[in-house]
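To start, the structure under review is shown below, and the notes come after it.
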Amino acid sequence: MRTATIKRKTKETDIEVTVNLDGTGASNVATGIGFFDHMLDLLARHSRIDLSVKAVGDLHIDHHHTTEDVGIALGQAVKQALGTMAGITRYASVHMPMDETLSRVVIDISGRPVLVFKVEFPRDKVGQFDTELIASGAMRPPATARPACPALRSPSSDDEFFAALAGRAA
């Protein structure tokens with residue numbers, strides 16, 4: 001079974017992420033950031049990856065450290081669970097429509113840390129969640145997962161749906 005657990009403790013956060021790449025999409029997510037929990041739940045459900053995230057962070061300051069460190073731990077867990085990557089498809093692409101949003105995702109799990117993320121948010125927040133945390137890379141699994149993945153956006157007026165696609169694209 002392709003599973004991994006990563007624990008990450010910093011001055012600002014205490015994170016534990018467990019993934020099962022051969023799961024059913026079950027999730028148990030508690031970061032203290034409602035919209036981020038929602039996005040991680042959608043990631044698990046739509047990818048059919050079982051995901052457990054427990055995060056305690058300095059939310060009294062802002063959400064940045066928690067989202068960034070969860071992204072780092074998630075990327076490390078996926079990379080570790082993939083192991084030698086034997087038997088997986090290295091390249092994939094998809095156009096994904098969702099209400100008034102269209103996302104294009106191209107992924108190459110090649111081992112090279114490259115990410116192209118072409119997104120503009122018309123608003124600074126979705127609810128209480130700062131959209132800059134997505135754009136800055138805090139919500140995407142980082143280069144430790146090593147995907148090369150461009151995501152391109154078509155015009156949309158629904159930021160939550162677009163944020164969902166952007167989170168899935170990373």
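Just to be sure I understand, how many residues within region 29-44 are β-branched (Val, Ile, Thr) and without any contact (Cβ under 8 Å) to a residue 60 or more places away in the chain? The qualifying residues number 2.
Candidates Ala135, Ala164, Ala145: the one that is surrounded by 15 or more Cβ atoms within 10 Å (Cβ to Cβ), among the small types (Gly, Ala, Ser) and modelled with pLDDT under 50 is Ala145. Based on this model, can you work out whether Thr89 counts as of a type in the set (Ser, Thr, Tyr), open to solvent by 60 Å² or more (accessible area, probe 1.4 Å) and farther than 22 Å from Glu132 by Cα? In short, yes.
Residues are listed down the side, and each one gets a yes or a no for (1) crowded, with 17+ Cβ neighbours inside 10 Å; (2) out of contact with any Cys (no Cβ under 6 Å at 6 or more places or on another chain); (3) touching a residue at least 12 places away in the same chain (Cβ under 8 Å):
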| residue | (1), (2), (3) |
| --- | --- |
| Val19 | yes, yes, yes |
| Gly23 | yes, yes, yes |
| His46 | no, yes, yes |
| Ala81 | yes, yes, yes |
| Met85 | no, yes, yes |
| His95 | no, yes, no |
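Of all residues in region 3-22, none are of a type outside the set (D, E, K, R) and under 18 Å from Glu132 (Cα atoms). For region 97-121, taking the residues that are loosely packed, with under 12 Cβ neighbours inside 10 Å and farther than 23 Å from Lys79 by Cα, the one that is modelled with the highest pLDDT is identified as Pro97.
The values are calculated or read from the model by the stated rules, or taken from the named source; none is laboratory data. Because the structure is a prediction, the values reported are computed rather than measured. Every residue, glycine as well, gets a Cβ built from its backbone with ideal geometry; the counts of neighbours run over all protein chains shown. The protein model used for the area step is the full one, side chains on, heavy atoms only, and it has no ligands, DNA or RNA in it. Shrake-Rupley method; radii C 1.70, N 1.55, O 1.52, S 1.80 Å.
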